[in-house]
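Below: the structure, in structure tokens.
The values are calculated or read from the model by the stated rules, or taken from the named source; none is laboratory data. For clarity, every value in this text was computed on a predicted model and none was experimentally measured. When we count neighbours, we look across all protein chains shown, and the Cβ atoms used for this are built from the backbone with ideal geometry, even at glycine. Please note that ligands, DNA and RNA were not included when accessible areas were found on the heavy atoms of the full protein model with its side chains. Shrake-Rupley method; radii C 1.70, N 1.55, O 1.52, S 1.80 Å.
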Amino acid sequence: MTIDQIRLDTNFLVSTTTANYPDADLIRNVNTRFDDTVSLILQSDTVNWPWDDSNQTDYPVGPITLVNGQQDYDLTGLTGSLYLEILRVEVKDNNGKFTLLQPFNEKEITQALPEYLSTDSLPLYYRKLGDSLFLYPKPSSANVTLTAGLKVYYKRLPSYFLTTDTTKSPGFAALYHRILSIGAALDYAIKNELIAKINILTPMLQKLQDGLVQHYSSRSGDVKVSLKGRNEDYGGGGYSENYNSDVAFY
């Protein structure tokens, strides 16, 4: 559905026009329902295929330029400045090769943080604090590439609708676009205490939301899980045991 079709469907469901459901209110409610929808998607999408709004013109991978000896880096510099979750962080060494950094666990550190890995070098760990990443150790120009030397993979907010949009479509699975028009219609019905409409629209919305969750929780159908047997030899008495413990993805 395009945003114009969402407008038409919303007005159809609650018998409204721009006179009693102004476009500014309708689009605001559509965007609020978009937030609700993205929240459901992010709770249910798989690690092998993270969701990103198909209206975005780039990938949710942000380069950050490093500074020699600087430990903290502002995440609001990521593309769009609308990140929601950090998925992974990589650093580029002075040979141009990227290395995966490990997330920092403060509970495992028994010394003062300013003294931990205090010699500038190639970072090994990152710590998330507010809207910043702290690198341990601090980057050294002798060990890292400074320009775009940090690569951050992240999840971000959707591409919202403007009142001037006409042909733009929601950036999630097309089968569930009507979530936005039903949701915006339900918002109008709630505001105006249209009980009969509320009782009709609520289960319609819930059915679509349930389908959306099922879709995003199972869409990585090409990834198969297989259990492989592994032999353990305990030595001495020649005793060995075979059990399935390794999980392989194909």
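Exactly one residue out of S141, S118, S159 is closer than 30 Å to V213 by Cα and in a loop (DSSP other than H, G, I, E, B): that is S159.
When the residues of segment 96-125 are filtered to those that are open to solvent by less than 80 Å² (accessible area, probe 1.4 Å) and of a type in the set (S, T, Y), the one that is farthest from P50 (Cα to Cα) is S118. Within segment 10-33, the set of residues being of a type in the set (A, V, I, L, M, F, W, C) and in a helix (DSSP H, G or I) comprises F12, L13, V14, A24, L26, I27, V30.
Any residue in segment 110-138 that's touching a residue at least 24 places away in the same chain (Cβ under 8 Å): show its pairings with residues that are part of a loop (DSSP other than H, G, I, E, B) and of a type in the set (S, T, N, Q) at Cβ separation under 6 Å, as long as the two are six or more apart or on different chains. What qualifies is D120/S140; L122/N143; F134/Q71; L135/Q71; K138/Q71.
List every residue pair whose Cβ atoms lie under 8 Å apart, where the two residues are 6 or more positions apart in sequence or sit on different chains, the first residue falls within segment 203-220 and is without any contact (Cβ under 8 Å) to a residue 40 or more places away in the chain, and the second residue, located anywhere, is open to solvent by 60 Å² or more (accessible area, probe 1.4 Å). Once the first residue is without any contact (Cβ under 8 Å) to a residue 40 or more places away in the chain and sits in segment 203-220, its partners that are open to solvent by 60 Å² or more (accessible area, probe 1.4 Å) give L208/R178; G211/L175. Just one of the listed residues (T37, T57, T76, T2) is hydroxyl-bearing (S, T, Y) and more than 18 Å from K155 (Cα to Cα), and it is T2.
All conditions in (1) more than 19 Å from P63 (Cβ to Cβ); (2) under 22 Å from the mean Cα position of the chain (by Cα) hold for T163, with the sole exception of (2). Yes or no: I86 open to solvent by less than 70 Å² (accessible area, probe 1.4 Å), touching a residue at least 60 places away in the same chain (Cβ under 8 Å), part of a helix (DSSP H, G or I) and in contact with a helix residue (DSSP H, G or I) (Cβ under 8 Å, 6 or more places away or on another chain)? The answer is no for I86. Does segment 59-70 include one or more residues that are closer than 30 Å to V213 by Cα, in contact with an Asp or Glu (Cβ under 8 Å, 6 or more places away or on another chain) and surrounded by fewer than 17 Cβ atoms within 10 Å (Cβ to Cβ)? Looking for residues that are closer than 30 Å to V213 by Cα, in contact with an Asp or Glu (Cβ under 8 Å, 6 or more places away or on another chain) and surrounded by fewer than 17 Cβ atoms within 10 Å (Cβ to Cβ), one finds at least one in segment 59-70, hence yes. Test Q206 against the stated conditions and say whether it is open to solvent by 60 Å² or more (accessible area, probe 1.4 Å), over 13 Å from V14 (Cβ atoms), at pLDDT 95 or above and not β-branched (V, I, T). Against the criterion (open to solvent by 60 Å² or more (accessible area, probe 1.4 Å), over 13 Å from V14 (Cβ atoms), at pLDDT 95 or above and not β-branched (V, I, T)), Q206 qualifies. Once segment 126-176 is narrowed to residues that are open to solvent by 70 Å² or more (accessible area, probe 1.4 Å) and in contact with a strand residue (DSSP E or B) (Cβ under 7 Å, 6 or more places away or on another chain), the residue that is nearest to K97 (Cα to Cα) is K128.
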